[in-house]
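The values are calculated or read from the model by the stated rules, or taken from the named source; none is laboratory data. Predicted model only: the values in this text are computed from it and were never measured. With ideal geometry, Cβ positions are generated from the backbone for all residues, glycine too; neighbour counts draw on all protein chains shown. These area figures cover heavy atoms from the full protein model, side chains too; ligands, DNA and RNA do not enter into them. Shrake-Rupley method; radii C 1.70, N 1.55, O 1.52, S 1.80 Å.
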Amino acid sequence: MEINQFVRHFENAIEGIEPNSLTPETQYHKIEQWDSLALLCLLAMIDCEYEVQVPGMDLKQCDTLHDIFDLVASRKLLQAA
C-alpha cells in the first residue's frame, strides 16, 4: 500500500473532488463534498480496493486521509496474520 495511491483512490471515490487536489494531510471531514453518501463511497472503495472492512466508528477516530490510510493498513496487516 502507498499513501499517494490511497489519496487518489479517495479522490476517485468521492464525487466532485478534483483529481490531485488532496494530500495525505487533508482533513477529510472538512471537504465540501463530505456527507453520509461520501462515507458510504469511502467504505465501499476501501472494501473493493484493499479488501478490508473498516467500521464507521473507527473512521470517527481519524482526522486526516493519512489517518484513514494507517487504519486501513493496520486492518490489512491483521487480516494477513
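Looking at (1) among the hydrophobic types (A, V, I, L, M, F, W, C); (2) open to solvent by 60 Å² or more (accessible area, probe 1.4 Å); (3) at pLDDT 95 or above, which is the one condition that is false for M1?
M1 satisfies all of (1) among the hydrophobic types (A, V, I, L, M, F, W, C); (2) open to solvent by 60 Å² or more (accessible area, probe 1.4 Å); (3) at pLDDT 95 or above except (3).
Looking at (1) under 17 Å from E2 (Cβ atoms); (2) surrounded by 13 or more Cβ atoms within 10 Å (Cβ to Cβ), which one does W34 not meet, given that it meets all the others?
Evaluating W34 over (1) under 17 Å from E2 (Cβ atoms); (2) surrounded by 13 or more Cβ atoms within 10 Å (Cβ to Cβ) leaves (1) as the failure.
Looking at (1) of a type in the set (S, T, N, Q); (2) in contact (Cβ under 8 Å) with a residue 24 or more places away in the chain; (3) loosely packed, with under 11 Cβ neighbours inside 10 Å, which is the one condition that is false for T64?
Failed condition: (3).
Name the single residue that is farthest from E11 (Cα to Cα) among those in region 29-80 being in a helix (DSSP H, G or I) and β-branched (V, I, T). Write out each step before concluding.
Initially, region 29-80 is screened for residues in a helix (DSSP H, G or I), giving 29-30, 36-50, 56-59, 65-80.
Filter again for β-branched (V, I, T), leaving 46, 68, 72.
Working: I46: 12, I68: 13, V72: 16 Å.
This residue is V72.
Every residue, every condition in (1) within 13 Å of the chain's Cα centre (by Cα); (2) β-branched (V, I, T), yes or no:
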{"site": "H9", "(1), (2)": "yes, no"}
{"site": "E15", "(1), (2)": "no, no"}
{"site": "E25", "(1), (2)": "yes, no"}
{"site": "M45", "(1), (2)": "yes, no"}
{"site": "M57", "(1), (2)": "no, no"}
{"site": "F69", "(1), (2)": "yes, no"}
{"site": "V72", "(1), (2)": "yes, yes"}
{"site": "K76", "(1), (2)": "no, no"}
{"site": "Q79", "(1), (2)": "no, no"}
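Take region 37-55 and flag every residue that is farther than 17 Å from L71 by Cβ and surrounded by 14 or more Cβ atoms within 10 Å (Cβ to Cβ).
Within region 37-55, no residue meets the criteria.
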